[in-house]
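Colleague: What follows is a single structure, and I will ask about it in a moment.
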Amino acid sequence: MPKLAPRFSTQTLLLQLGVVLLVVLLSGTVHAWLVYGRIGAEAERHALTLARTVASDPVIRSEVQAISREPGTPPAAELAAGPIQATAEAARGRTGALFVVVTDETGLRLAHPDRARLGERVSTDPSDALAGKEVTTRNTGTLGPSAGAKVPVYAPGSATSVVGEVSVGYSMESLGQSLGEDIVPIALTAAGSLAVGALASFLMRRRLQRLTLGLEPEEISTLVHDQVAVLQGVDDGVIGISADGRITVFNAAARRLLDIPDAPATPSSPAHSDASRNGSTNGHVLTGSSWADADVPAQLKALTQPSAHDAEAVEIVAGGRVLVANARKALHRQEDLGWVVMLRDRTELQQLTRQLDAVGTMSAALRAQRHEFANQLHTIAGFLSIGQHGQAKDYLARISATGPLKFPVQQAELLQDPYLQAFVGAKGVEADERGVALRIGPETLVRGHVTEPQDVTTVLGNLIDNAVNAAVAGSSTQRWVELELLDEPGPDGGTLHIVVADSGDGLRGIERERVFVEGFTTAEPTGGGMASAGGQGLGLALVRQLARRRSGDVRVLEPGSPGGPGAVFMATMPRVTGTPDDAAPAALSTSAEPTEGQQ
């Protein structure tokens, strides 16, 4: 089994400890060496001073001159009892020197701590001192290693006649003891520095682990590559919010779904660099900015409140799209990393659902009328079979006046566009089942044909459904919804004006603009006359965005009053109709779509 390498944080800790230890050892060694050199230099200076003092002593000078003039050297016993030995030993005893040695002009000892060596030649070279030079030395003699000095001894009354030399030395062992006394603070300082360095390294290791979430560099690199691939490769919007409320991720899909335009920041700014690395370069939402101040719908921010639950999802309308948004807590080993908000586009799904529901609604209406149509054909066939051609002709005339199919829509003949006839007729069937009469207003005049059936269906159907809901929830005994449509020709296509009124109780004091706020609903009867099927509060917000996207609008003309009549809504939709020559045929089976039926 291969041996696992230490973790990166552990390697970093060991490296830091090694560097700290090396620095402390080098610093301590250099400091000790400097201290040792300083103590040795001080010993040499003291030795030189003592040697000068002894060499200048009148007794030493006169006695050494007297011995130098005599042939040979006095015996050791005589030298041991002489004044030179006494003076040298007295000086050595006072100063704590290792030795004080006096020689004649030939280098023979006249004074020495070991009396047995008197009369012998010194073990170190005395030539420099006998030549009249003062020197400091570090060498090893008969008494061991020492640091000392040698100075010449001049004849009395002369400054040039050398008659001997004085050699003084201090033991290196005593220097080592002095160094040992000085090295204790050095060692304590080094140990303290090592302890502080180790503690700092340990704290830095913990911080590194916390910042990297315990991940190794290879794992972090892999995560970065995976994040870029995932965030830029998915169609869902992803927004990351850190625990301190900062945006850390805002991918391109989220900007597209929320209809946030790209507006690059200043290229030299740090925010621009961070945003570029994370795929976000818009001026409204930048990575690193505050989530609370971000230019996003309030419903998204509400998902990340402490009281929000991970499983809850909301539908919002943004940029003419219906989005499903949910937020989840991001945790790593029980550590709170913040929130992840996911956005999914349900616009296409809802469009397909509307189309399918439209086909189902119209098919049901057609099936309901098929039996009446068959009965009419049987009646005509019966008249013809018995020879009642006149009655058959009159019956056909009545059918031509009312249309072959009878939708429960009053004055339906005012609608000439087949798409509007079928769609409004299907809505009339639904309204009739709920006890509401759908009628076409007398001012209705649509000369062109619908060219944008999906948008017209969304706006018209939502307004009719809301009006039917309001009529059902109203207090009036007569439940009705009145629809007026008028098209206005234009160079780029006709503008369709839609006015929908109902017999409900109106807005009941609710501000007109509030009904268009995303998420607003009055599904409960106490909320006003504008009931919302499903209670999701997306219908009016969606139709207004669709209309405004085409440079139109949806607004409240009259707020209505309790007891009726109810509120009056008007929608203006440019470029949705054309002349009979250039209008595209409205295929009911593929283009018609029902409405949200929600407010």
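Derivation of every value follows stated rules applied to the coordinates shown; laboratory data play no part. All values reported here derive from a predicted model rather than from experimental measurement. So basically every Cβ, Gly included, is an ideal-geometry build from the backbone, and we count neighbours across all protein chains shown.
Colleague: Spin-label point model (7 Å from Cα, Cβ direction): what's the Glu558 to Thr53 distance in nm?
Modeller: 12.7
Colleague: Here's another thing I want to ask about it. Taking neighbour counts of Cβ atoms within 10 Å as a proxy for exposure, in what order, fewest first, do Ser171, Ser127 appear?
Modeller: Taking fewest neighbouring Cβ atoms as first place, the list is Ser127, Ser171.
Colleague: Now for a separate question. Need one number: nm distance between label points at Gln391 and Ala195, each 7 Å from Cα along Cα→Cβ, rounded to one decimal.
Modeller: Each label point lies 7 Å from its Cα, and together they span 12.2 nm.
Colleague: Something else: What is the local net charge at Ala294, summed over the other residues whose Cβ is closer than 11 Å to its Cβ (Lys, Arg +1; Asp, Glu -1)?
Modeller: Local net charge: 0.
Colleague: Looking at the square roots a ≥ b ≥ c of the eigenvalues of the Cα gyration tensor of region 9-178, which shape do they give, rounded for a/c under 1.5, prolate if a/b is larger than b/c, or oblate?
Modeller: Taking the square roots of the gyration eigenvalues as a ≥ b ≥ c, region 9-178 is prolate.
Colleague: Taking the Cβ of each residue in Thr458, Thr73 as the centre, tally the other Cβ atoms inside 10 Å and list the residues starting with the fewest.
Modeller: Thr73, Thr458
Colleague: With the crude spin-label approximation of a point 7 Å out along Cα→Cβ, what separation in nm comes out for Leu14 versus Leu203?
Modeller: 2.5
Colleague: Which order do Glu218, Glu63, Glu89 fall in if you start with the one that has the fewest other Cβ atoms within 10 Å?
Modeller: Ranked by crowding around the Cβ, least crowded first: Glu218, Glu89, Glu63.
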